[in-house]
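Chemist: Take this structure, written in structure tokens, and hold onto it; I'll ask about it next.
No lab work stands behind these numbers, since they all come straight from the coordinates. These numbers come from a predicted model, not from an experiment. We place every Cβ from the backbone using ideal geometry, glycine too, and count neighbours over all the protein chains shown.
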């Protein structure tokens, strides 16, 4: 299957120029992954599945002006969202050198002028409060909220890509937050709004 077919199946609508960039990203990641082992997705099809997983929340969130992705790894979801949202300023926080090298190379190769790669842990990132903070498979919800407290405010929304543990994690923080959990396949997308 090509990426367009995957997108059609999920009813994710993107311009053809963005789809082309996402396909280029997939082939670039596949190439780098053979040498540097950046992700468990070992084929272009497996990378497409991760791209769809990264993009699916665009069907239910507002487009942010600024976005921070915590622990971007091989680009999921931060780099993928940066491709799909060219008008959004995207900061990718990733401490591991080989992943940083890939993210910087991909951002240049794909001409993503809206991307800045921060080769550091998220608590070292200095920036005004972000509109949206995302993270996939990094740490628990409470710790993510604590680590990003200096770069968020009452308007900041969060989008955490979670597995089944999300229901236990949310119990620790639910009293102070408005949130929604959108379930799709094996994924739980935790969408948090601080404002009551």
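Chemist: Mean residue ellipticity at 222 nm from the helices of the chain, using -39,500 (n - 2.57) per DSSP H segment of n ≥ 4 over the full residue count, to the nearest 500 deg cm²/dmol? Don't skip to the answer; put the middle values down first.
Modeler: Working: 7 runs with 76 residues, N = 196.
Result for the chain, helices only: -11500 deg cm²/dmol.
Chemist: Moving on to the next point. Once label points are set 7 Å from the Cα along Cα→Cβ at both residue 194 and residue 5, what is their separation, rounded to one decimal in nm?
Modeler: Inter-label distance under the simple model: 4.4 nm.
Chemist: Note down the relative contact order for the chain as a percent, whole number, built from C-alpha pairs under 8 angstrom at least six residues apart.
Modeler: Normalised by residue count, the contact order of the chain is 16 percent.
Chemist: Tell me, 121, 136, 187 in order of fewest to most beta-carbon neighbours within 10 Å?
Modeler: Ranked by crowding around the Cβ, least crowded first: 121, 187, 136.
Chemist: Full-extension gain between residue 167 and residue 34, please, as 0.36 nm times their residue separation minus the C-alpha to C-alpha distance. Please report the intermediate quantities before stating the final value.
Modeler: Details: separation 133, 0.36 × 133 = 47.88 nm, distance 3.54 nm.
Gain on stretching residue 167 to residue 34: 44.3 nm.
Chemist: Here's another thing I want to ask about it. Quick one: work out the % antiparallel among DSSP beta bridges in the chain, nearest 5.
Modeler: So the antiparallel bridges in the chain amount to around 40 percent.
Chemist: So if I take the centroid of the Cα atoms in region 108-181 and the same for region 27-70, what is the distance between those two points in Å?
Modeler: The two parts, judged by their Cα centres, are 16 Å apart.
Chemist: Would you look at the GNM of the chain, springs on alpha carbons closer than 10 Å, and say which of 50, 114, 185 moves the most?
Modeler: Looking only at 50, 114, 185, the largest GNM fluctuation is found for 185.
Chemist: Run the numbers for residue 124 and residue 143: contour at 0.36 nm per residue of separation, minus the present Cα-Cα distance, in nm. Mind showing how you got there, number by number?
Modeler: On the way: separation 19, 0.36 × 19 = 6.84 nm, distance 1.46 nm.
Full-extension gain reported as 5.4 nm.
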